[in-house]
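Data block below; observations after.
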Amino acid sequence: MAERASTLVIEPKGGPDRGTVVLWLLGAAAFAYLALPLANLLIVEPWGAVPAALADPLAVDALVTSLVSASITTVCVAALGIPLAYVLAHWRFPLHAIVTLLVYVPLVFPAVVSGIVQLLVYGPYGPIGAFWAMHGLELDSSLAGTVLAQTFVAAPFAIVASRAAFEAVDPATERVAMTLGATRWRVFWSVSLPQAGGGVVAGLILTWLRAMGEFGATAVMAYHPYTLPVYTYVQLTGLGLPAALPLALLALAASVLAITAALAVTARGRLFGTRT
């Protein structure tokens, strides 16, 4: 309760001062910039064509592919990225700076470039892709390729958030556990991860959302099966804007539902500025 009280803004007597007004105006301008395109989508949407467009089996398949691939991606990132975040938070080793740099690179890489560098490895002529192609699985035209593309671009969100959460854990609690005979693995599961849980969950949710909306790397690495962003682009370039608008509405609805679920899951933690 004290923490909540400390966040209250106390306005001076006589009403808000000029600085408060400026902050509100700037904030309102930012909100309007973000909200205007979304509100306009609802205005220009050809609502009569929406039911038929959303009943299209290809659109349904694309949505399912996005949901499934984003979920698999998040599981993979949780299994591998969280331990990496813990290692980066707790140990300083000779290549620590290089590893940290490489974790951040996908955040600033153009999405198309991310797809290209993966295609060189996982494509049918890449060192890993060739092996699987010889056994009848071409990664660049399968759900596995979609997951690979999404994982590359979305993993940093979970790793960075989890690392910050692990670094915020009181090291004294870990030392106490180890003095009582707990192994590092036991400390990770029973002490560190529960305390860092809010940040870890937030990072995984952001990973899922990023994977769900991924287009550029996926389009290069694994054009088929279509994800919802790729299929929307196909409709836009093939049939024009009217054909893509219902899919844009579907993407907006999926995003709102996902973010609402994320806020519900993290209602007792801190995400997007919320507090308990």
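The values are calculated or read from the model by the stated rules, or taken from the named source; none is laboratory data. In this text the structure is predicted, and so the values were computed from the model without any measurement. Positions of Cβ are generated from backbone atoms using ideal geometry, with glycine treated the same way; all protein chains shown enter the neighbour counts.
Summary of values
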| quantity | calculated |
| --- | --- |
| Check on Ala165, farther than 12 Å from Leu204 by Cα and among the aliphatic types (A, V, I, L, M) | yes |
| Among the candidates Ala70, Ala53, residue that is of a type in the set (A, V, I, L, M), under 23 Å from Ala154 (Cβ atoms) and surrounded by 14 or more Cβ atoms within 10 Å (Cβ to Cβ) | Ala70 |
| From the options Ile128, Ile82, residue that is modelled with pLDDT under 95 and not polar (S, T, N, Q) | Ile128 |
| Residues that are surrounded by fewer than 20 Cβ atoms within 10 Å (Cβ to Cβ) and either among the basic types (Lys, Arg) or under 22 Å from Ile259 (Cα atoms) (or both), drawn from region 214-228 | Phe215 |
| Members of region 56-67 that are surrounded by 10 or more Cβ atoms within 10 Å (Cβ to Cβ) and free of Cβ contacts under 8 Å to residues at least 12 places away in the same chain | Asp56, Val60, Val64 |
| Set Arg175, Arg184, Arg163: member being in contact (Cβ under 8 Å) with a residue 24 or more places away in the chain, in the same structural domain as Val230 (by TED's automatic domain parsing) and more than 27 Å from Ala219 (Cα to Cα) | Arg163 |
